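Visitor: Attaching a single structure in structure tokens format; questions to follow.
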Amino acid sequence: EEDTIVSHAYSFFGDAKYPADYPHLDYVNPDAPKGGEISVWAQGTYDSFNPYSRKGRTASLVSSMYESMMAGTADDYGVAYCYLCETLEYDKDKTWVIFTMREGITFSDGTPMTAHDVVFSHNLFLEQGLPSYAEAVKQRIVSAEALDDRRVRYEFAPDIPRRGLISQVGANIVFSKKWFEETGARLDESRLVAAVGSGPYVIDEYSVNENITY
């Protein structure tokens, strides 16, 4: 236990810039007005709302609907901060990591996000994601396990470089296990139905190859 590190962030090079209780990023205005619209152009066309398949051409910005356990900032290079998680803990040799998720996270359909969704998403990418990605991950990550509804543990392979492993699993997208099981959707298919995410945007309306409103 004395060799276990508990933190709100993970850094490649040293200490994180922001403490656990930071009120906001330095370059963000917390009093910025909210609401309104912005129009962004995108080159080409689209015929899919699934950004994780080789099939189809994905609509621009559709990945903004999904979130990961950790996230980086624009002013702290090589550091990932807890985002969906509250804390992470790992041993000094970085052979494993445990993420404790924040309470009250929900998907856009109102269902709660749990560690079981995290494990499901990890396995979904291994089973239905790009074969090259799955092969690389299997050589680095031995297992993903939900310890309870809020804690997920990753076990790393021995005898490999350890510095990037925690950031790698922290960047994994989290999908709704319930949505995939109920719809029968696959990660390797092109579809004009977006998987449920927890991000700040959902699809409002669209006209294929012309526009999309989030």
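The values are calculated or read from the model by the stated rules, or taken from the named source; none is laboratory data. Computed from a predicted structure; not experimentally measured. Cβ placement follows ideal geometry from the backbone for every residue including glycine, while neighbour counts extend to all protein chains displayed. Note: areas computed on protein heavy atoms with side chains; ligands, DNA, RNA excluded. Shrake-Rupley method; radii C 1.70, N 1.55, O 1.52, S 1.80 Å.
Visitor: Taking 0.36 nm per intervening residue step and subtracting the Cα-Cα distance, what contour gain separates residue 109 from residue 7 on full extension?
Guide: Fully extending the segment from residue 109 to residue 7 adds 33.7 nm.
Visitor: Okay, next question. Could you please report the charge total around residue 75, scoring K, R as +1 and D, E as -1 over all other residues with beta-carbon less than 15 angstrom from its beta-carbon?
Guide: -2
Visitor: Within 12 Å, Cβ to Cβ, of residue 45, how many net charges do the neighbouring residues add up to if Lys/Arg are +1 and Asp/Glu are -1?
Guide: Every neighbour counted, the sum reads -1.
Visitor: Here is a further query. Taking a ≥ b ≥ c as the square roots of the eigenvalues of the Cα gyration tensor of region 70-188, is the shape rounded (a/c under 1.5), prolate (a/b larger than b/c) or oblate?
Guide: Oblate.
Visitor: OK, next. Among (i) 7, 30, 35, 23, 5, 0; (ii) 8, 25, 24, 20, 15, 8, 1, 0; (iii) 8, 35, 40, 15, 2, 0, only one was calculated for this model; which label is it, if the read-out is P(r) over Cα pairs in 10 Å bins from 0, in percent?
Guide: Among (i) 7, 30, 35, 23, 5, 0; (ii) 8, 25, 24, 20, 15, 8, 1, 0; (iii) 8, 35, 40, 15, 2, 0, the one derived from this structure is (i).
Visitor: At a probe size of 1.4 Å, how large is the accessible area of residue 156, to the nearest 10 Å²?
Guide: The accessible area of residue 156 comes to roughly 10 Å².
Visitor: Given a 10 angstrom Cα cut-off, can you work out which residue in 142, 169, 79 is the most mobile in a GNM of the chain?
Guide: 142
Visitor: Ignoring ligands, DNA and RNA, please state the percent of accessible area on region 125-214 from carbon and sulfur, probe 1.4 Å.
Guide: Answer for region 125-214: carbon and sulfur cover 48 percent of the accessible area.
Visitor: Calculate the dipole size of the chain relative to its Cα centre from +1 charges on Lys and Arg beta carbons and -1 charges on Asp and Glu beta carbons; express the result in debye to the nearest 20.
Guide: Dipole about the Cα centre, nearest 20: 620 debye.
Visitor: Carbon and sulfur atoms: what percent of the 1.4 Å accessible area of region 1-84 do they account for?
Guide: Here it works out to 50 percent.
Visitor: How far apart, in nm, are two points set 7 Å out from the Cα along the Cα-to-Cβ line at residue 130 and at residue 74?
Guide: Modelled inter-label distance: 2.6 nm.
Visitor: Using the alpha-carbon atoms, what tilt in degrees (0 to 90, nearest 10) does helix 115-128 show relative to the longest principal axis of the chain?
Guide: 70
Visitor: Given the rule -39500 (n - 2.57) for each run of at least 4 DSSP H residues, summed and divided by the residues of the chain, what is its mean residue ellipticity at 222 nm, to the nearest 500 deg cm²/dmol?
Guide: It comes out at -4500 deg cm²/dmol, rounded to the nearest 500.
Visitor: While we're here: Quick one: go through region 77-111 and flag any residue whose amide nitrogen is under 15 Å from the point 7 Å out along the Cα-to-Cβ line of residue 160.
Guide: 94-97, by backbone N distance to the label point.
Visitor: Treat each spin label as a single point 7 Å out from the Cα along the C-beta direction, and report the residue 37 to residue 146 distance in nm.
Guide: 4.0
Visitor: Tell me the accessible surface of residue 186 in square angstrom (1.4 angstrom probe, heavy atoms of protein chains only), to the nearest ten.
Guide: Per-residue accessible area (residue 186): approximately 100 Å².
Visitor: Another one. Counting Lys and Arg as +1 and Asp and Glu as -1, what is the net charge of the other residues whose Cβ lies under 12 Å from the Cβ of residue 194?
Guide: With Lys, Arg at +1 and Asp, Glu at -1, the net is -1.
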